[in-house]
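Participant: The structure is given below, and queries will be raised subsequently.
Where a number appears in this text, it was derived from the coordinates with a stated rule and is not lab data. The structure presented is a predicted model; accordingly, all values stated were derived computationally and were not measured. For neighbour counting, all protein chains shown are included, and Cβ atoms are generated from backbone atoms with ideal geometry for every residue, glycine included.
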Amino acid sequence: MFSGIVQKKGEIVQHDLAEKWGKVVLRTDAWDRPLEIGESIAIQGICLTLTKMDHRGLHFDVLRETFERTNLGDKKTGQFLNMERSLRWGDTMGGHIVIGHVDGTGRVKSIRPVGRDWAFEFTADPRLMDGMVFKGSVSVDGVSLTIAELTEESFTIHIIPFTYEHTTFCDLKPGDAVNLEVDLLGKFVRRLVERGRFPGEITWEELRRTGLIQEPVSAAEEI
């Protein structure tokens, strides 16, 4: 499990795709805590296993399906990818729950400066858009972000300068593909609704009865 807080960027030094499998080798500087063979690392939001370390860099085996279902197949040697190690018990949860199982890809529709920040608009398949919620969380290339604007066909997020400079967002341009993972909690709710397992009609009265909302207390009642 990850939190969507990118820790490093790794440079691709090898990018191979054979008939049914592939390999990616990334070069980056040393980590504060030594890496271990077999540990999970999110690469562009994709949970991959570290299989080898040598003078060339960090080696990850990749299924062909992963190349086809994510933007990893579009990447070239010399490009950089976002990296985040999996969470340990007690680690700070700075973003939101990110599993590292990419749901699909979207496309950069536009990039525009907004004061000191940047606004990125993305389009995505309708089924992915169904998982988007205004002010909700989404993982874009492994970065935990908040949806600032939402339409039927696109969503927009705002990037602060620090995130822009320390992730691959600084390399994106209109038309580029990005990996998307919608919020995990939303997936569970959607699954329940699709299978008809969601509770009966929810009303304001039911919400009050369960204590999820409370009526405002008047000044007279406070006395």
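Participant: Each label point is 7 Å from the Cα along the Cα-to-Cβ direction; what then is the distance between the points at A148 and R107, in nm?
Facilitator: About 2.3 nm separates the two model spin labels.
Participant: Distances over 14 Å make up what percent of all Cα-Cα pairs in the range 39-113?
Facilitator: The calculated P(r) of the range 39-113 puts 70 percent of pairs beyond 14 Å.
Participant: Quick one: if you stick a label point 7 Å off each Cα along the C-beta vector at K52 and K173, how many nm between them?
Facilitator: 3.4
Participant: Can you list the chymotrypsin sites (Phe, Trp or Tyr not before Pro) in the range 93-164 that are in a DSSP coil and have 13 or fewer other beta carbons within 10 angstrom?
Facilitator: Those that pass, being in a loop and sparsely packed, are F134.
Participant: Roughly what would the spin-label model give for H166 and E205, points 7 Å off Cα along C-beta, in nm?
Facilitator: According to this spin-label approximation, the distance is 5.2 nm.
Participant: Further question: Can you work out the Karplus-derived ³J(HN,Hα) for every residue in the range 46-52? Use 6.51 cos²θ - 1.76 cosθ + 1.60 with θ = phi - 60°, whole Hz, and x for glycine or proline.
Facilitator: Ordered by residue, 3J(HN,Hα) equals 9, 6, 10, 9, 6, 9, 6 Hz.
Participant: Which length gain, in nm to one decimal place, applies between H158 and E39 when the Cα-Cα distance is subtracted from 0.36 nm times their residue separation?
Facilitator: Separation in residues times 0.36 nm, less the Cα-Cα distance, equals 39.7 nm.
Participant: Distances longer than 17 Å among the Cα atoms of the range 65-191: what percent of all pairs is that?
Facilitator: For the range 65-191, the fraction of Cα-Cα distances above 17 Å is 58 percent.
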